[in-house]
Amino acid sequence: MEIRALCIRLLISIMILLDVQDEKVDAVSLLVVPNRLQFFEYEPFVTFHCEGVDYCEVVQKFKGTIKSCNKTNERTPTGSSCTIKNVYTDDSGEYWYETGGGTRSNIIILSVTAGPVILESPAVPVLMEEPVTLSCRNQTASSNNFTADFYKDGRHIHRSSTGNIAIHRVSKSDEGLYKCSISGVGESPESWLKVSDMTHSSSAAIPRIIA
């Protein structure tokens, strides 16, 4: 009986520790400004913000190589930030942040392209039942007066004369890999649209509607 009681207490302790760890993960986040996953090469900047910690190191993984995002690394009142100025294709890759205490944030996959087309989709997860707009952007056009085709998981899902696709109430089935193409111009890289049913404390500060 004593052994059984000890096992039960041990199991409860493990469950409590797991709950604490989950809260720790939920409390930290890597955010991107501008709030999108794709950039044209030579755009002026992209900034990564660490939230939920006093200080962090932003890390990049590209073609199997892991390095610190050390273009600039500045402390901000809400945590830390890393700004990459004049982005290049080599700035593509996975980004996350780490702290000395072992905390690791979510991963953001950034795509920087030398091509003329990108898909503007939010870098932060979209909450279920919220609206979101994905935009196909032509680097050589000053307006969205062009027809764009949108694809999800390799399948054509929509043709738009305004270059946008609107999802009015996001569901888990909307999660997936999206890209767009413009006839005679080119197609964008693919980016993952993440759908979440968890309220994020900092998500309200970042717009999910991309005009």
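Across segment 112-156, what is the number of residues that are touching a Leu at 6+ places or on another chain (Cβ under 6 Å) and surrounded by fewer than 19 Cβ atoms within 10 Å (Cβ to Cβ)?
1
Filtering segment 83-111 down to residues that are among the charged types (D, E, K, R) and under 23 Å from residue 29 (Cα atoms), which residue is surrounded by the most Cβ atoms within 10 Å (Cβ to Cβ)?
Across segment 83-111, the extreme among qualifying residues is 91.
Counting only residues that are among the polar types (S, T, N, Q) and surrounded by fewer than 11 Cβ atoms within 10 Å (Cβ to Cβ), which one in segment 157-182 is farthest from the chain's Cα centre (by Cα)? If you could, list the steps in order and put the result at the bottom.
First, the residues of segment 157-182 that are among the polar types (S, T, N, Q): 160-162, 164, 171, 173, 181.
Pick out the ones that are also surrounded by fewer than 11 Cβ atoms within 10 Å (Cβ to Cβ) and you get 161, 173.
On the way: 161: 27, 173: 18 Å.
The extreme case among them is 161.
Right, residue 170: touching a His at 6+ places or on another chain (Cβ under 8 Å) and not in a strand (DSSP E or B) or not?
So residue 170 does not fit the description; no.
Inspect segment 160-170 for any residue being under 21 Å from residue 183 (Cα atoms) and without any contact (Cβ under 8 Å) to a residue 24 or more places away in the chain and give the result as yes or no.
Yes, that holds for at least one residue.
What's the number of the only condition in (1) farther than 29 Å from residue 178 by Cα; (2) modelled with pLDDT under 55; (3) of a type outside the set (A, V, I, L, M, F, W, C) that residue 26 fails to meet?
Going through the list (1) farther than 29 Å from residue 178 by Cα; (2) modelled with pLDDT under 55; (3) of a type outside the set (A, V, I, L, M, F, W, C), residue 26 breaks only (1).
Using the structure shown, decide if residue 142 is part of a loop (DSSP other than H, G, I, E, B) and without any contact (Cβ under 8 Å) to a residue 40 or more places away in the chain.
Working: part of a loop (DSSP other than H, G, I, E, B): yes; without any contact (Cβ under 8 Å) to a residue 40 or more places away in the chain: yes.
So residue 142 fits the description; yes.
Test of understanding: among 84, 109, which residue is assigned by TED's automatic domain parsing to the domain that holds residue 69, part of a strand (DSSP E or B) and touching a residue at least 60 places away in the same chain (Cβ under 8 Å)?
Going through 84, 109 in turn, just one is assigned by TED's automatic domain parsing to the domain that holds residue 69, part of a strand (DSSP E or B) and touching a residue at least 60 places away in the same chain (Cβ under 8 Å): 109.
Among the β-branched types (Val, Ile, Thr) and either surrounded by fewer than 12 Cβ atoms within 10 Å (Cβ to Cβ) or modelled with pLDDT under 90 (or both): does that describe residue 65?
yes
The values are calculated or read from the model by the stated rules, or taken from the named source; none is laboratory data. The shown structure was predicted, so the numbers you read here are calculated from the model rather than taken from an experiment. Quick reminder, even Gly has a Cβ in these numbers, built from the backbone with ideal geometry, and neighbours come from all protein chains shown.
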